[in-house]
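See below for the structure under consideration.
A short reminder: the numbers here are calculations on the coordinates, not readings from a lab. Remember, predicted model here, so these are calculated numbers, not experimental data. Glycine also receives a Cβ, built like all others from the backbone with ideal geometry; neighbour counts cover every protein chain displayed.
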């Protein structure tokens, strides 16, 4: 009877009926002994998202047989699914060593290396795969993505074009080439390439998403609106497209900006849609709408962990800290609510408990800048000397002036051109709702990658000339080897993201950190004369967190902005700008330094 069931499970797996396959394997799992049966079971569990079960079955299999390239590759897939990229890389390397002529195994290794931000190694491994099989499409496309992430944009474009020549009916290289063009600000080329990918594969929703971003970045609001309507008619509850569309409508001051969320919510109230909608409403301080949505989830779906997370976020936003703490302590999902528990302890003055929560979060994700910021704040509240190491402003902050702002006529003309060009890129009416700026605007996309204008290239070169020697010298500044600036030091620092902020009278930044950076910045292009020595209006201030603390913390470092000045600081430090009153816009270019940007 068991053999018949196993045969049925394997047949279901071959027919891609994963639910049936796993259901049958569940009933006979303890009786499995033959290697090919165990292999099929592990594969079924992996494909159904049950990677821990897959790992247990594979361990049983490997206790019976010698590792083969196929089994090592499967082990790599399972470890990758479990979020253990380092172990998956080791598995794939062993598989390649046992079978050095398999381009598929090299591809698996290269993809894991790419996701682990090991770009030179990715390129090296892909070269091996393509040497064995020059027409290997997936490897060529991944090579293009790797080159783009290394800022080798021309080589990336050539690689994608060659892939298209090799397989002109394959949607994949058109799609990735289109994303490259979006990233580089080549809107016409992007539209053409993405449209071709959709012609070849109409179900490719990510291509529709990229086309929408392309139209938003280029300021073509009419096209953006049309593409959003088209995408949502095809996929009416797509969370990513709805999120992009809602942000765009808020930034362009359109009426009823939440209408796509509301319409999708009635049709398919999914967990991700609920989470995105709640975050958007809370960021916009639409607390009543958020409360109604939370109650609707509770009534229709129940008090699960998703509901609890949203309920806690709303209570936190409304400064109901005692209620948050009582709720968390009674929750069976308490480990999932560490952030809200940490914030509640700060508000109530329980700083040792805040520290305990922050340590747990930081140990789980050492590279998470927000968790690190919580830890730094707890140390300051406890008057712990470690705070002075993590917020050592003398060692960790650079203040410098850019050579573009010398007093000669050429520099003055270039500065004027830069101001004019940056102002032309501010095409929205409001800042992104979930960003920190108020009474100002932010340019869309990645400024340094997108802009083809020479003044932007010159600005980037001037910033690089000043900042990269500072990054190199951090190693010799006597920081402890366990200091996060050292442990998170990128193998190769990249401009991960860049943008411009323009604020008007009354404009400011709420206190925040940069979650995707290692180092962050403020480069002041133009500063109004009203920002001067008479007060701290318009100043950059570090150290004051955005959330409630019983014993309120004040900024412990301030910078007076001046035109042409550059400030660099660790991304985990809270930073904000003070509002100012008077004539003139404050024009800033900001960027994050860290891992490569893998948008392409």
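With an 8 Å Cα cut-off and a minimum separation of 6 or more residues, compute the relative contact order for segment 247-318 in percent. Working shown, then result.
On the way: 31 pairs, mean separation 16.6, N = 72.
Across segment 247-318, relative contact order equals 23 percent.
Quick check: the distance between the Cα centres of segment 1-64 and segment 100-119, to the nearest angstrom?
26 Å
Cα atoms only, segment 209-283: Rg and Dmax in Å?
Values for segment 209-283 (Cα only, Rg and Dmax): 11.7, 32 Å.
Kindly list the residues of segment 163-184 that lie in the label zone of residue 135, defined by a backbone N under 18 Å from the point 7 Å along the Cα-to-C-beta vector.
Answer for segment 163-184: 163-174.
Among 307-315, 84-92, how do they line up from the highest to the lowest mean number of other beta-carbon atoms within 10 Å? Let's see the in-between values first.
Working: 307-315: 21.4, 84-92: 19.3.
Those peptides, ordered most packed to least, come out 307-315, 84-92.
Distance between Cα centroids, segment 314-369 to segment 213-246: provide it in whole Å.
First find each Cα centre; the distance between them is then 36 Å.
Pull out a ≥ b ≥ c, the square roots of the eigenvalues of the alpha-carbon gyration tensor of segment 161-238, then state rounded if a/c is under 1.5, prolate if not and a/b is larger than b/c, and oblate in the remaining case. Write out the running numbers ahead of the final one.
Details: a/c = 2.65, a/b = 1.33, b/c = 1.99.
It comes out oblate by the Cα gyration axes.
Place a point 7 Å from the Cα of residue 65 along the Cα-to-Cβ direction; which residues of segment 91-124 have their backbone N under 19 Å from it?
The answer is 91-100, 102, 105, whose backbone nitrogens lie closer than 19 Å to the label point.
By how many degrees, between 0 and 90 and to the nearest 10, does the Cα long axis of helix 239-251 differ from the longest principal axis of the chain?
10 degrees
Assuming R0 = 30 Å, what is the FRET efficiency of residue 203 and residue 272, from their Cβ-Cβ distance, to the nearest 0.05? Present the calculation step by step, with values, prior to reporting the outcome.
Values: r = 19 Å, r/R0 = 0.64.
Taking R0 as 30 Å, the efficiency between residue 203 and residue 272 is 0.95.
Report the Cα centroid-to-centroid distance between segment 547-600 and segment 410-436 in angstrom, as an integer.
17 Å
Using the alpha-carbon atoms, what tilt in degrees (0 to 90, nearest 10) does helix 153-166 show relative to the longest principal axis of the chain?
Here the helix axis deviates by roughly 30 degrees.
Please report the base-10 log of the normalised intensity I(q)/I(0) for segment 1-106, using a Debye sum with one equal scatterer per alpha carbon and no solvent, at each q in 0.11 (1/Å).
Here log10 of I(q) over I(0) equals -0.33.
Okay, helix-only estimate at 222 nm for the chain: each DSSP H run of n ≥ 4 adds -39500 (n - 2.57), divide by all residues, round to 500 deg cm²/dmol; what do you get? Provide the component values of the computation, followed by the final result.
Numbers: 29 runs with 349 residues, N = 600.
It comes out at -18000 deg cm²/dmol, rounded to the nearest 500.
Note down the Stokes-Einstein diffusion coefficient of segment 283-381 in µm²/s, whole number, using a Kirkwood radius over alpha carbon pairs, 25 °C, and 0.890 mPa s. Show your work: numbers first, answer last.
Numbers: Rh = 14.1 Å.
In µm²/s, the coefficient is 174.
Could you rank the peptides 74-83, 259-268, 26-35 by their average count of other C-beta atoms within 10 Å per residue, with the highest value first? Show your work: numbers first, answer last.
On the way: 74-83: 20.6, 259-268: 15.8, 26-35: 14.2.
Highest-to-lowest ranking by the protection proxy: 74-83, 259-268, 26-35.
Fewest first, what order do 141, 530 take by the number of other Cβ atoms within 10 Å?
Values: 141 22, 530 16.
Fewest-to-most ranking of 141, 530: 530, 141.
For residue 127 and residue 411 in one chain, what is 0.36 nm times their gap in residues minus the Cα-Cα distance, to one decimal in nm? Can you show the working numbers first?
On the way: separation 284, 0.36 × 284 = 102.24 nm, distance 4.41 nm.
Between residue 127 and residue 411, full extension yields an extra 97.8 nm.
Enter the angle in degrees (range 0 to 90, nearest 10) between the Cα long axis of helix 171-184 and the first principal axis of the Cα atoms of the chain, meaning the one along which they spread out most.
Relative to the chain, helix 171-184 is tipped by roughly 10 degrees.
Between Rg and the Kirkwood Rh of segment 319-428, both from Cα atoms, what is the Rg to Rh ratio? Let's see the in-between values first.
On the way: Rg = 22.1 Å, Rh = 17.6 Å.
Here Rg/Rh amounts to 1.26.
Explain nothing, just the number: relative contact order of the chain, from Cα pairs under 8 Å at least 6 residues apart, as a whole percent. Please list the in-between numbers first.
Working: 938 pairs, mean separation 61.2, N = 600.
With pairs under 8 Å counted, the relative contact order is 10 percent.
If you take the square roots of the eigenvalues of the alpha-carbon gyration tensor of segment 463-600 and sort them as a ≥ b ≥ c, do you get rounded (a/c under 1.5), prolate (a/b over b/c) or oblate? It would help to have the intermediate numbers written out before the result.
Working: a/c = 1.87, a/b = 1.43, b/c = 1.31.
Prolate, because a/c is 1.5 or more and a/b exceeds b/c.
If contacts are Cα pairs under 8 angstrom and at least 6 residues apart, what is the relative contact order of segment 319-385 in percent?
Relative contact order of segment 319-385: 26 percent.
Please pull out the direction-averaged projected area of the chain, using the convex hull of its alpha-carbon atoms, in nm² to one decimal place.
On the way: hull surface 122.3 nm².
Over every viewing direction, the Cα hull of the chain projects on average to 30.6 nm².
Is the shape of segment 247-318 best called rounded, prolate or oblate, per the rule: a/c under 1.5 gives rounded, else a/b larger than b/c gives prolate, else oblate, with a ≥ b ≥ c the square roots of the Cα gyration tensor eigenvalues? Could you put the intermediate results ahead of the total?
On the way: a/c = 2.28, a/b = 1.38, b/c = 1.66.
Since a/c reaches 1.5 but b/c is at least a/b, the shape of segment 247-318 is classed as oblate.
Mind ordering 349-358, 325-334 by average Cβ neighbours within 10 Å, highest first?
In descending order of packing, they fall as 349-358, 325-334.
Would you mind estimating how fast segment 105-171 diffuses translationally, via Stokes-Einstein at 25 °C and 0.890 mPa s with the Kirkwood radius over Cα pairs, in µm²/s?
Details: Rh = 11.6 Å.
My calculation gives 211 µm²/s for D.
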